[in-house]
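Everything on this sheet refers to the single structure shown next.
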Amino acid sequence: MKRIANFLFEAGMLKRTPRTGFQFLGSGAESVAEHIFRTVYIGYTLGHLT
């Protein structure tokens, strides 16, 4: 149970973690969680097209 709680805590931290690509470019403010959510949603949608 502790491993699950730790995983959920770490996943929650992704919301506060800015993407390094945006830091490198100096523009934008997307978090890692936002990027992962969009990437998963794209994969889910493409998977259901076939």
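The values are calculated or read from the model by the stated rules, or taken from the named source; none is laboratory data. Since this is a predicted model, take the numbers as computed values, not measurements. Neighbour counts are summed over all protein chains in view; Cβ atoms, including those assigned to glycine, are modelled from backbone coordinates with ideal geometry.
Given the criteria assigned to a helix (DSSP H, G or I) and either free of Cβ contacts under 8 Å to residues at least 40 places away in the same chain or surrounded by fewer than 10 Cβ atoms within 10 Å (Cβ to Cβ) (or both), does ALA29 qualify? I'd like the intermediate steps shown before the answer.
Numbers: assigned to a helix (DSSP H, G or I): no; either free of Cβ contacts under 8 Å to residues at least 40 places away in the same chain or surrounded by fewer than 10 Cβ atoms within 10 Å (Cβ to Cβ) (or both): yes.
In short, no.
Conditions: (1) modelled with pLDDT of 85 or more; (2) surrounded by fewer than 12 Cβ atoms within 10 Å (Cβ to Cβ); (3) not small (Gly, Ala, Ser). ILE36 meets all but one. Number of the miss?
In the conditions (1) modelled with pLDDT of 85 or more; (2) surrounded by fewer than 12 Cβ atoms within 10 Å (Cβ to Cβ); (3) not small (Gly, Ala, Ser), ILE36 misses (2) alone.
Just need a number here: residues in the chain that are among the aromatic types (Phe, Trp, Tyr) and under 9 Å from the mean Cα position of the chain (by Cα). Step through it out loud before you land on a result.
If we filter the chain for residues that are among the aromatic types (Phe, Trp, Tyr), which is where we start, we get 7, 9, 22, 24, 37, 41, 44.
Imposing the further condition that a residue be under 9 Å from the mean Cα position of the chain (by Cα) reduces the set to 37.
Residues that pass the stated criteria total 1.
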